[in-house]
Structure formats: C-alpha cells, structure tokens
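Below is one structure, written out as structure tokens; comments come after it.
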Amino acid sequence: MDTWRPARGRVVCVGETMAALAPDPSGPLVDADHLSLSVAGAESNVAMYLADHGIPATWLSALGDDPLGTRVRAVVAAAGVDVAHVRTDPDRPTGLMLKNPTPAGTRIHYYRKGSAASALGPDVLDHEAVRTAALVHFTGITPALSASCRELVTRALAVPAAERPYAISFDVNHRAPLWPKGTAPEVLRDLARRADIVLVGLDEAQDLWGAHLTAATVRELLPGPRIVVVKDGSREATAFTASGAVTVPALRVAVVEPVGAGDAFAAGFLAGMLRGEPVNRALRIGHITAVSALKVTGDHGPLLPHRSVDQLLVLTDKEWEAYETPDRGGT
C-alpha cells in the first residue's frame, strides 16, 4: 500500500512569533548586564526551514505596530518566507519571551497575553493564502494563546479530512506554562486526532496522556491521522502510516542548545513528504534538519551543504547509525 502524502505546493504556517531576549553571555537572567535580541516562534521556524529546503512557505500571523514586530517580520522574511499576509495590529503589542539559563536548565518567561497574535481567530481560514495551500501547519501552542486562537485551530480541524481543500499537519508542541492546569491533555488529543499529519515527542505524549505510553501506543491513541510521527528525543523517530511503522535513529551530534530542534525536524520531515520521498528518507531529512538547530544557540541555523545532505541520504542503515556529525562544516 502506497503511503499517503500531501499534494505538492505551498505550505502555510499559522501561529505566533515573538521577540526573544537572552543573557549575553549566557547565564542567569538576574545577573545579566546585556541581553541579545532574537526571534522565536515554532510555526515561523518551520516556515524558515521549509524555505531552506526549497519548499514555498508562507507565515500567517499578527504583529504589533512596534519595533519588535518590525524585527520579527524582517528576520522571517530574510529566510525566504512569504510574510506579505502578516497583519499589523495597531492596538496590541508583539509577543515577548525571556530566556533564563540556569545550571538546572533554561526557563522561559512569556509575555504574550494580549499580544497581537493572540487576537487571531477563525477568519484566518478565509484568507486566500490558506484556501489555496497544499498544506497548513499548526501547533498546539496556538490554541493555548486565547479563546479565539483555539477556535481558529478547532474550526480548521473540524472539517473532515476528505472535505478539506488542503492537508493539515499538527505538531503537538505542548507548552505547559501556557495552559490552565489540567486542560491541555483533552484539547490537544482532540485536535491531534483530526489532523492528517501529527508530530509529537514521546516525552510530551507521556506527560499529556500517560507515562506508560510507547511510540506504538501513541499511534493507538491517535488512530485517525494518516501519518503519526513520534520523536523519541536524541534516540530515534518513528513514523506510522497505513503501510506500517518506520523507525530511523537520530544522528549523533554535539548539542549546543536543543531549542528549535523539534521545529526543524518537523520541517525536514514535511519537506521530504512534500517531495514524494519514501518515509525513511523523510525521517532522515527531519533528523538532518534538526542538527541545524542543535548546533546553534538560536532557533534557526544553517542547513548542512546540499552535497552533505545527499551523501547522508544514501548511507546504508548501518552507516547512518554509525555516523556522527562534525562540529563544523560538511561531512
């Protein structure tokens, strides 16, 4: 049985992107004398990596009429993403996040309540860019932002898959601080089960729906999607389709910072599927793209050279498992 794939064409990524501040040099926020400014947003990360792979990508969102909004728009556009349809809101600010690196890990402080993007609603689905897309990408972050944002994602996924003019991919992307206690598991499961393609980390699935879960039982929990990809951290990723399960180990890499790696993996996998690649190669492209994020302190890093990617894709399974990405440069 052939594996289903979305039609080739433009991908529209819908969701909030924020300005991000982090101590420079890295250290606890309370001790910082200087902060560096960057851009952070799951959906725009996916759009940027898709554009890196040569997939036409549009980012749909809203920004404040402020310098941070101008910065966000420029950074995403510079990556080759179409930002022409991003709304400028004169009454609400651009969202902001602060990174607080500590020896116990990096904690994120969000300042996004009442942001421009939190006012997004179901009217986004009427936009021509959405109606003519081959694939629309959402994450579980958007429905946590506001009632109107939840209605946006809920309404998109309420249309049966066979009746939608585009496919929908949904990265669960659970951000616990954004959800009222106890509300996320049911909402995210209900949304995920209606998508065509679902991506979820095994750890977040266990946090949401039960510590006993394995990759296979996550698929049993989400039987509806055409494709479910379960990412098991730095170990492996498994894609479940009507043709069965395919598992590909992650590449070994010296991690600089893990933030953004999940978005990079999602973009790589989606790019592979949109190109018509076999599932195992799409998973490899996901892992290869994730390396780009793991090797930088920001959310978006440069892809490996095309020649290096091509070489990795033709490795035998044994060679792939033994391969370790170099600290710098190509293969």
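The values are calculated or read from the model by the stated rules, or taken from the named source; none is laboratory data. From a predicted model like this one, the values you see are computed outputs, not experimental measurements. FYI the Cβ positions are ideal-geometry reconstructions off the backbone, even for glycines, and counts take in every protein chain you see. The area values use the complete protein model at the heavy-atom level, side chains included, leaving out ligands, DNA and RNA. Shrake-Rupley method; radii C 1.70, N 1.55, O 1.52, S 1.80 Å.
Taking the criterion of being hydroxyl-bearing (Ser, Thr, Tyr), surrounded by 22 or more Cβ atoms within 10 Å (Cβ to Cβ) and outside any strand (DSSP E or B), the residues of region 11-61 that qualify are 17, 44, 49, 61. Applying a threshold of 8 Å to beta carbon distances and a minimum spacing of six or more residues, or different chains, the list of pairs starting in region 16-42 at a residue that is over 18 Å from residue 92 (Cα atoms) and ending at one that is assigned to a helix (DSSP H, G or I) and at pLDDT below 95 reads 23/29; 23/31; 42/262; 42/263.
Once region 64-98 is narrowed to residues that are within 19 Å of the chain's Cα centre (by Cα) and assigned to a strand (DSSP E or B), the residue that is modelled with the lowest pLDDT is 97. State which residue is surrounded by the fewest Cβ atoms within 10 Å (Cβ to Cβ) when the search covers only region 102-129 and only residues that are part of a strand (DSSP E or B) and within 22 Å of the chain's Cα centre (by Cα). Filtering region 102-129 for residues that are part of a strand (DSSP E or B) and within 22 Å of the chain's Cα centre (by Cα), the one surrounded by the fewest Cβ atoms within 10 Å (Cβ to Cβ) comes out as 105.
Please tell me if residue 150 is farther than 21 Å from residue 263 by Cα and either of a type in the set (D, E, K, R) or assigned to a strand (DSSP E or B) (or both). It is false that residue 150 is farther than 21 Å from residue 263 by Cα and either of a type in the set (D, E, K, R) or assigned to a strand (DSSP E or B) (or both). Testing residue 2 on (1) at pLDDT below 95; (2) surrounded by 15 or more Cβ atoms within 10 Å (Cβ to Cβ), one condition comes back false. Which one is that? Status for residue 2: all satisfied but (2). Going through (1) of a type outside the set (Val, Ile, Thr); (2) under 18 Å from the mean Cα position of the chain (by Cα); (3) modelled with pLDDT of 95 or more one by one, residue 175 falls short only on (3).
Of all residues in region 153-162, those that are open to solvent by 10 Å² or more (accessible area, probe 1.4 Å) and in a helix (DSSP H, G or I) total 5. For first residues located in region 168-183 and closer than 16 Å to residue 224 by Cβ, partners that are among the basic types (Lys, Arg) and lie 6+ apart or on another chain with Cβ distances below 9 Å form the pairs 168/194; 170/194; 172/189. Considering region 163-280, the qualifying strands (runs of 3 or more DSSP E), each wholly inside and each with 2 or more residues that are crowded, with 24+ Cβ neighbours inside 10 Å, run over 167-171, 197-201, 227-232, 236-241.
Note on region 135-148: residues that are under 17 Å from the mean Cα position of the chain (by Cα) and either free of Cβ contacts under 8 Å to residues at least 12 places away in the same chain or closer than 19 Å to residue 58 by Cβ (or both) total 7.
A search for C-beta distances below 8 Å between a residue of region 184-199 that is in contact (Cβ under 8 Å) with a residue 24 or more places away in the chain and any residue that is assigned to a helix (DSSP H, G or I) and among the aromatic types (Phe, Trp, Tyr), counting only pairs 6+ apart in sequence or on different chains, returns 185/209; 189/209; 199/265; 199/269.
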